[in-house]
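S.K.: Shown below is the structure under consideration.
What follows is calculated from the coordinates using simple rules that are stated; it is not laboratory data. Keep in mind that what you see is a predicted model, and the values were worked out from it rather than measured. Glycine also receives a Cβ, built like all others from the backbone with ideal geometry; neighbour counts cover every protein chain displayed.
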Amino acid sequence: MINKKFNKESHAVNDKPAKDLVISFLVFETMKDGKWYTLDEIHKATNDPHASISAQLRNLRKERFGSHVIEKRCKGNRSNGLWEYSMEI
């Protein structure tokens with residue numbers, strides 16, 4: 001398996017606001033250990049809004065952000081709607 005790293009220089013594109021870039025990096029840094037996290041746990045680690053974290057999880061799957069594998073699973077009873085996420089490195 002290829003060890004993919006987050007490269008800040010490759011993401012410094014003119015159409016990407018700096019704040020989103022920082023949030024993406026913080027989400028990556030939090031999740032690079034491969035453990036499972038809820039949005040709230042990532043929020044507590046990064047102090048970023050849940051919606052921004054969710055957007056950056058989607059971005060990390062994109063080729064220009066490293067094509068990372070982000071897994072999602074239900075935590076507890078599915079009817080509660082609580083999900084947790086893990087990133088493969």
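S.K.: For the stretch 17-88, what number of Lys pairs, 8 or more residues apart or on separate chains, have alpha-carbon atoms under 20 Å from each other?
M.R.: 13
S.K.: Between ALA45 and ALA18, how high is the FRET efficiency from 1/(1 + (r/R0)^6) when r is the Cβ-Cβ distance and R₀ = 30 Å? Nearest 0.05. Let's see the in-between values first.
M.R.: On the way: r = 20 Å, r/R0 = 0.66.
The computed FRET efficiency comes out at 0.90.
S.K.: Can you list residues from other chains, or at least 5 along the same chain, whose modelled amide H is less than 5 Å from the amide H of VAL69?
M.R.: GLU88
S.K.: What FRET efficiency comes out for the pair ALA55/GLU88, r = Cβ-Cβ distance, R0 = 22 Å, nearest 0.05?
M.R.: Details: r = 20 Å, r/R0 = 0.89.
Step by step, r from the Cβ atoms, then E = 0.65.
S.K.: Once label points are set 7 Å from the Cα along Cα→Cβ at both LYS75 and TRP36, what is their separation, rounded to one decimal in nm?
M.R.: That separation, rounded to one decimal, is 0.9 nm.
S.K.: I've got another one for you. Order by neighbour count: ILE23, ILE89, fewest other Cβ atoms within 10 Å first, most last. It would help to have the intermediate numbers written out before the result.
M.R.: Working: ILE23 20, ILE89 17.
If I rank by nearby Cβ atoms, fewest first, I get ILE89, ILE23.
S.K.: Using θ = phi - 60° and the Karplus form 6.51 cos²θ - 1.76 cosθ + 1.60, what ³J(HN,Hα) does each residue of the stretch 32-37 get, whole Hz, x for Gly and Pro?
M.R.: 5, 7, x, 6, 8, 9
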